[in-house]
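The values are calculated or read from the model by the stated rules, or taken from the named source; none is laboratory data. Everything quoted here is computed from the prediction, not taken from an experiment. Here the Cβ is made from the backbone with ideal geometry for all residues, glycine too, and neighbour counts use every protein chain on show.
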Amino acid sequence: MADTKPVGHKRPPHTTDVAYQQCINPLCGAVLDVRQVRTACDRCGDLLDVQYDWDRASVPSRLADFERMWAERRAPMRFSGVWRFHELLPFAPPDQVVTVGEGQTLLQQADAVAQYVGVRAGRLYLQYEGMNPSGSFKDNGMCAAFTHARMTGASRAACASTGNTSASLAMYSAVTRLMKAVIFIGSGKIAYGKLSQALEFGALTVQIAGDFDDAMVRVREVSKDLGIYLVNSINPFRLEGQKTIMFRVLEALGWEVPDWIVVPGGNLGNSSAFGKAFSELHALGLIDRIPRLAVINAAGADTLYQLVERRGVRWNDGCPDMQAIGDYYRELDARSAKADTIASAIEINRPVNLKKCLRALEVCQGVVRRVSDQEILDAKAQVGAGGIGCEPASAASVAGAKLLREEGIIEPGDRVVCILTGHQLKDPTATVAYHTTDQDLFNEVLGSRGVRRASFANRAVAVPNDLEAIIRAIQLYS
Ligand SMILES: *Cc1c(COP(=O)(O)O)cnc(C)c1O
Ligand SMILES: [Zn+2]
C-alpha cells in the first residue's frame, strides 16, 4: 500500500483557520491562506490542494455517524449531498455555504450491466450523478467553488467547458444571483443539451474559434487579467465538493469499501478528488482499506493512458517525469493532434489535473485504459436499457470495466462501482444517431468517428398510416 498520509502538514502563519491551501509539489510546499484566490502556486506554478489541520477539525469518529445527519435534512446544509459531509471538507463557515440541493444521487445495483461487463450479479453498481440539478456530477464541485468564491467576495465567475461545467456554473449563478457567469466554449464541440442550459440560465457565453484546450488557455489568461473567479477543476475547492461522490458511494454500500471505482477521465478532476477522498479517510482511520481506481480515457483523447500505461509516468513522490510529459505534448503539437471522440465531456488532450491524478493512481493502485467510441456507445446502450440513461462520456466507465474484466484485472467476484457522470438528455444527438434507421445521420454523427455498428440499437418501426398495418407491426414486434 502506498503512503496514504495526506500531503502537507504546515499551516499558514497568522491564521486560525482549520483549512489552508498548499502547493502539491513537495519540493515547494508553499502554503496559502484559505481565502486567497489562486489557480496555481505563486512560487512554482504547480497545482494547489485544499488541506486541513484535522486535529482542530471536528470529524465524526465513525462514518456511520453521518447517517444521523439525514434526520436534520430540513436544514439545507444537511439536505445537500455535498454539505452533509461538511466535516470532511471543512473550509467554509456554515453561513457561507452555497447549495441548490446537489448530490441527491443514487447508487444502483445493475445486474444486466454486470452481465455485460462480466462480473457476477449483485457486484456491479452504477453511481448515477446525472440526478444532480444541472444533470451532471459537476454540481458537486460547483457548490464548493461557489462557496469559496462567496467567501472571497467575487462578483464574476468563469470557466472553459466542454459543456457540463458551464451548465452548472450558469445554474448556480442564476439560482443564487451571487455571481455573473462567463463561459468559454470551443466551436462546434458542445452538446446541445448543455449549451441550452448555459444560454437559458443567462450566462455570458464566449465561443472561441478553437477547441476545449484552447478555451482553457484563454480563460486562465482572461480571469487573471480581469480578476474573475475561475471555477474550472484547477480550482482546488471544486475537488473538495467532488470528494463527496465517494462518501455517498460508501454510504450506499453500508460503509463497506468496494474493490473498484471506475471513472471516465477528462480533465481528471474527479479521479483526483476520489484519490484525495480515500487518502484522507484512510489517514483519519475512517476506512481500513482503499479501493482500486480505474480511469478510462476515450481512445481519441488518451493522454493519461499514453503517459501512464505506455510511457510509465508515475507520481514518483511528487516529482513525475515532466520531461516525458513535455515530450508527449510536443509530439501532439507536431502532428497537430486534436482530441476527437463522441464522448465530448472527455474530449481533452491536456488534462489540467494530470499531476493530481497521478497521485490518485498511486494512492489507489490505479490503472488507466482507453476505449473506442464504438465500445462507449455500446456500453451506453446497455446502461440505457436498464432505464438509467447517461451521456457518452459516462459510459466510458462501463466500457472500461468490461475491458478490465476481459483482461482479468477485474475479477468476476469484485465489487465494482462505475460512475455515471452525466444525464442521457445532455447529448440526445449521440443517442438518436445510435438508434436511428437513417444511415446518413448515423454516418454523420458516428460513422465519421469510426463507429461501424449499433450493436444494441432499438430501432423505430416504420409503418404506413393504416390501422391494420400498425396492428400487424405491433403483433410482430411485441
Ligand atoms: C466533466 C465530465 C467528465 C470528465 O471529468 P473530469 O473530472 O474532467 O475528468 C466526464 N463525464 C462528464 C459527463 C463530464 O461532465
Ligand atoms: Zn509551489
### Task
Determine which member of the set Val257, Val217, Val249 is at negative phi and not in a helix (DSSP H, G or I).
Val257
#### Entry: Meets criteria (of a type outside the set (D, E, K, R) and either modelled with pLDDT under 95 or within 28 Å of Gly422 (Cα to Cα) (or both)) for Ala57
yes
### Message
Scan the range 143-150 and tell me whether some residue there is closer than 19 Å to Leu106 by Cα and crowded, with 24+ Cβ neighbours inside 10 Å.
### Response
yes
### Message
Please go through the range 330-368 and give me each residue that is more than 25 Å from Val231 (Cα to Cα), surrounded by fewer than 22 Cβ atoms within 10 Å (Cβ to Cβ) and away from ligand 1 (no atom under 16 Å from the Cβ), ordered by number.
### Response
Arg330, Glu331, Leu332, Asp333, Ala334, Arg335, Ser336, Ala337, Glu362, Gln365
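Restricting attention to the range 219-240, and to residues there that are small (Gly, Ala, Ser) and away from ligand 1 (no atom under 12 Å from the Cβ), which single residue is surrounded by the most Cβ atoms within 10 Å (Cβ to Cβ)? Explain how you work it out, then say what you get.
Taking the range 219-240 as the starting set, the residues that turn out to be small (Gly, Ala, Ser) are 223, 227, 233.
Checking the rest, the ones that are also away from ligand 1 (no atom under 12 Å from the Cβ) come to 223, 227.
Numbers: Ser223: 23, Gly227: 10.
The selected residue is Ser223.
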### Message
On the basis of being surrounded by fewer than 20 Cβ atoms within 10 Å (Cβ to Cβ) and touching a Pro at 6+ places or on another chain (Cβ under 8 Å), does Asp327 make the cut?
### Response
no
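Taking the conditions exactly as written (under 17 Å from the mean Cα position of the chain (by Cα) and under 26 Å from Ile290 (Cβ atoms)), does Gly400 satisfy them or not? Outline the logic, then answer.
Values: under 17 Å from the mean Cα position of the chain (by Cα): yes; under 26 Å from Ile290 (Cβ atoms): yes.
The answer is yes for Gly400.
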### Query
Within the range 317-357, how many residues turn out to be away from ligand 2 (no atom under 16 Å from the Cβ) and not in a loop (DSSP other than H, G, I, E, B)?
16
### Query
Does any residue in the range 32-45 that is modelled with pLDDT under 95 come within less than 6 Å, Cβ to Cβ, of a residue that is in a loop (DSSP other than H, G, I, E, B) and within 16 Å of ligand 1 (Cβ to nearest atom) six or more places away or on a different chain, and which pairs are these?
Thr39/Ile234
### Message
Whether any residue in the range 464-478 is surrounded by 22 or more Cβ atoms within 10 Å (Cβ to Cβ) and of a type outside the set (Val, Ile, Thr) is what I want to check.
### Response
no
### Task
Scan the range 445-471 for residues that are touching an Asp or Glu at 6+ places or on another chain (Cβ under 9 Å) and charged (D, E, K, R) and report the count.
2
### Task
Filter the range 26-80 down to residues that are loosely packed, with under 12 Cβ neighbours inside 10 Å and of a type in the set (S, T, N, Q) and give me whichever is farthest from ligand 1 (Cβ to nearest atom).
Ser61
